[in-house]
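The values are calculated or read from the model by the stated rules, or taken from the named source; none is laboratory data. Treat the numbers as computed from the prediction; the structure is a model and nothing was measured. Here the Cβ is made from the backbone with ideal geometry for all residues, glycine too, and neighbour counts use every protein chain on show. Side chains are part of the model used for accessible areas, which takes the heavy atoms of the whole protein and leaves out ligands, DNA and RNA. Shrake-Rupley method; radii C 1.70, N 1.55, O 1.52, S 1.80 Å.
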Amino acid sequence: MAARTRPNALGALGGWLWLAVTVLPVYYIVVTSLRTQADYYDENPLSLPSDPTLAAYGRVLDAGFPGYLANSVVVTAAAVAGTLAVSLMAAYVVVRGRTRFARRVFQAVLLGIAIPIQATVVPVYYLIVQLGLYDTLAALVLPSIAFAIPLTVLILVNFLRDVPEDLFASMRVDGAGDWRILWSLVLPLTRPALVTVGVYDALQVWNGFLFPLVLTQSQSTRVLPMTLWAFEGSFGVDVPGLLAAVVLSVLPVAAVYAVARRQLVAGLTAGFGR
């Protein structure tokens, strides 16, 4: 007769505590966004709104949220596409090149992981101004690509190293060149890794605040993180409006995660076999 296992009460308690830590802030943000400014000060912050309203969401939409959302989508999509295209080609060269030059390039790319973004604000600002790109969406896309490449290349290199050598050799025998191998073999096999780093890079660009603050100034180039300032006045903060903007900003990211969740999990558990 098999021995009965004792329930792990301590583990269960830790799980419930972790659930509370993660769910409670989300609950607070959502219920507060459904309050009026007066109810926010009068009611218990964790209680359900006595008179729920979508007025805060209306103020967010009237403040130009659709335009800022479009700017964020353009910047994020362009930055992620550029990062994945450059990083995939670089990872292929590092893995398949097997030359001293390829190793040196890989080492130089990895140095970028150790460089904090804050330390490069002044040079990046000067470079963007000299290129005539200040206060444009391109001023946000190009630095975002540059700082996302090192980590993306590292992940893709580790993933490509687990691709069997026989697959590359068979395509070589069939007369395929590097571009054909990259398009027909590497791209399909690395799709889970591409989705993983793509979602990660998209989150970094979507939530980025430093580059939009330094490299843009006009309302036409404003992105979502900068719109939160619209709900801060000289003498107070429109908390329900601010949190309504946060909820609307999270929805596109949550939708992308819901669509790519399966490949995201597969990419997180693959590519590190060696």
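The table below lists the values:
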| read-out | value |
| --- | --- |
| Cβ-derived FRET efficiency at R0 22 Å, Ala70 paired with Val26, nearest 0.05 | 0.30 |
| Along principal axes, Cα extents of the range 49-202, largest first, whole Å | 68, 40, 26 |
| Residues in the range 188-206 reached by a label modelled at Asp174 [backbone nitrogen below 16 Å; 7 Å Cα→Cβ] | 188-190 |
| Relative packing of 9-22, 62-75, which averages over residues the other C-beta atoms within 10 Å, highest first | 62-75, 9-22 |
| Protection proxy ranking, peptides 177-183, 86-92, average beta carbon neighbours within 10 Å, highest first | 86-92, 177-183 |
| Cα convex hull volume per residue for the range 88-169 (Å³) | 110 |
| For the chain, size of Cβ-based charge dipole, Lys and Arg +1, Asp and Glu -1, in debye | 1360 |
| Distance histogram for the chain (every C-alpha pair counted, 10 angstrom bins, percent rounded to whole numbers) | 6, 21, 25, 23, 15, 7, 2, 0 |
| Cα centroid separation, the range 137-166 to the range 82-133 (Å) | 9 |
| Listed residues Leu46, Ala91, Ala114: farthest to the positive end of the dipole of the range 18-141 (Cβ charges) | Ala91 |
| Quarter of the Cα convex hull surface for the range 114-262, i.e. its orientation-mean projected area (nm²) | 12.6 |
| Accessible surface of the chain, 1.4 Å probe, proportion on carbon and sulfur as whole % | 68 |
| The chain: DSSP helices with Cα axial extent of at least 18 Å and average Kyte-Doolittle hydropathy no lower than 0.5 | 9-33, 65-97, 138-160, 191-206, 239-268 |
| Value of relative contact order over the chain, rounded to a whole percent, pairs C-alpha under 8 Å and six or more apart | 30 |
| Whole-angstrom gap from the range 1-55 to the range 189-242, using each part's C-alpha centre | 26 |
| Highest to lowest packing among 240-246, 250-256, scored as the average C-beta count within 10 Å | 240-246, 250-256 |
| Sparse-neighbourhood loop sites, trypsin sites (Lys or Arg not before Pro) in the range 35-104 - DSSP loop, at most 15 other Cβ within 10 angstrom | Arg98 |
| Mean accessible surface per residue for the range 57-197, computed with a 1.4 Å probe while every protein chain stays in place, in Å² | 53 |
